[in-house]
Amino acid sequence: MENRDITILAIESSCDETAAAVVQNGRTVLSNVISTQIATHTLYGGVVPEIASRKHMENINQVIEAALLEAGKTLEEIDAVAVTYGPGLVGALLVGVAEAKAIAYAAEKPLVGVHHIEGHIAANYIEHPELEPPFLCLVVSGGHTHLVVVKDYDQFEIIGRTRDDAAGEAFDKVARSIGLGYPGGPKIDRAAKEGNPKAIAFPHARIDGSPYDFSFSGLKSAVLNYLNHARMMGEEVKPEDLAASFQSAVVDVLVEHAIRGAKEYGFKQLAMAGGVASNSALRSRMQEACKKAGITLYYPSPVFCTDNAAMIGAAGYYEFCKGARSGWDLNAVPSLKLGER
């Protein structure tokens, strides 16, 4: 690491949040500006890629200007521009990548492409200065459910992944099916607080020979079958009980896999990352399990769990210090794998 302060301007536009941040030394957030599109996409029950891209184009300049203003920095005082280049929606990613290239080129600053999931993992560094690799990280978001060994700031080994739906995707689909609407995660979390998690016994998928892999499509189907059966029989469904029972089934599997992984790999540090990491049931159950197993648990504040640019600035700082630089040919890679360059 360099001795002087390194200031990164970071841009994130992988889905439906237009975000920019200024981050110093990977852990100090000078500004973190997020323009959300939730209200727009709620009308359609989910993210519409074309609309997301158009909204990014409308908002990105103002968001970056606001981030620089809030941080009290000019482009001359920035050491590098970091940007999410994958994975995500291709049109949305392209807006951020094109903007970052234009700024870096005009200001004559290095460009650093950042992996979106690497950003989610790095969000933990912002509020936990004592956390350093190696550690195990459970990444749970709308598009990903991974169990990752973080070997170094830029070295990752995925030991478990979802075979079908990501946990966040399952939350969204189940929320829609029980009439809670979009975004599903926070709405199920809220409804579940009023319900009985033991009201309905839903399946917990386990994959033979792959103890750390996840599968949520069977659980999602079980919820739909339960609803259809109740409608056919004219039975009343209590959405709160269904939400609590579904959430409990997801949390059981996430906690079980993460704790088993930490024990078998010998980690005393476990982190969580991604939008679903802000789920209150997951946080409390994981905290309980970690306490019992003598493991220290880390997770970011909710604002750093959902998509934001501060996490991209944190990851970008460590990439920058390792000498990573992107060329002007940097492109959006919608299905970029973690650890790929």
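The values are calculated or read from the model by the stated rules, or taken from the named source; none is laboratory data. Predicted, not measured: the structure shown is a model, and the values here were computed from it. Cβ sites come from the backbone with ideal geometry, for glycine too, and all protein chains shown count toward neighbours.
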When you go through S31, S35, S14 one by one, which is the residue that is part of a loop (DSSP other than H, G, I, E, B) and of a type outside the set (K, R)? S14
Quick check on this structure: which one of T7, T28 is modelled with pLDDT of 95 or more, farther than 29 Å from K173 by Cα and surrounded by fewer than 17 Cβ atoms within 10 Å (Cβ to Cβ)? T28
Go through the range 318-330 and report how many residues are part of a loop (DSSP other than H, G, I, E, B) and surrounded by 15 or more Cβ atoms within 10 Å (Cβ to Cβ). 3
Of the residues that make up the range 234-246, is at least one assigned to a helix (DSSP H, G or I), at negative phi and of a type in the set (D, E)? yes
Can you pull out every residue in the range 98-119 that is over 8 Å from V81 (Cβ atoms) and surrounded by 24 or more Cβ atoms within 10 Å (Cβ to Cβ)? G113, V114, H115, H116, I117, E118, G119
Conditions first: (1) closer than 22 Å to A277 by Cα; (2) β-branched (V, I, T); (3) part of a loop (DSSP other than H, G, I, E, B). I188 passes all but one, so which condition is the exception? (3)
Go through A175, A167, A192 for me and flag whichever is of a type in the set (G, A, S), under 20 Å from V255 (Cβ atoms), out of contact with any Asp or Glu (no Cβ under 9 Å at 6 or more places or on another chain) and buried (at least 24 other Cβ atoms within 10 Å of the Cβ). A167
Just checking, how many residues over the range 287-307 are out of contact with any helix residue (DSSP H, G or I) (no Cβ under 9 Å at 6 or more places or on another chain) and part of a helix (DSSP H, G or I)? 2
Please state which of the following conditions G72 fails to meet, knowing it meets all the rest: (1) at negative phi; (2) modelled with pLDDT of 95 or more; (3) surrounded by fewer than 24 Cβ atoms within 10 Å (Cβ to Cβ); (4) of a type outside the set (D, E). (1)
Can you say whether L93 is buried (at least 19 other Cβ atoms within 10 Å of the Cβ) and in a helix (DSSP H, G or I), as far as the supplied structure shows? yes
If you go through the range 236-280 one residue at a time, how many are touching an Asp or Glu at 6+ places or on another chain (Cβ under 6 Å) and closer than 21 Å to A123 by Cα? 2
Of the residues in the range 45-70, those that are touching a residue at least 60 places away in the same chain (Cβ under 8 Å) and either over 19 Å from S14 (Cα atoms) or in contact with a strand residue (DSSP E or B) (Cβ under 9 Å, 6 or more places away or on another chain) (or both) number 1
Can you find a residue that is closer than 27 Å to A244 by Cα, assigned to a loop (DSSP other than H, G, I, E, B) and of a type outside the set (G, A, S) anywhere in the range 169-177? no
Could you tell me how many of the residues in the range 77-98 are in contact with a helix residue (DSSP H, G or I) (Cβ under 9 Å, 6 or more places away or on another chain) and either closer than 16 Å to C15 by Cβ or among the aromatic types (F, W, Y) (or both)? 14
Of the residues that make up the range 245-255, is at least one farther than 30 Å from V149 by Cβ and modelled with pLDDT of 95 or more? yes
Considering only residues that are over 16 Å from H128 (Cβ atoms), free of Cβ contacts under 8 Å to residues at least 24 places away in the same chain and not in a loop (DSSP other than H, G, I, E, B), which ones fall in the range 257-286? E264, S284
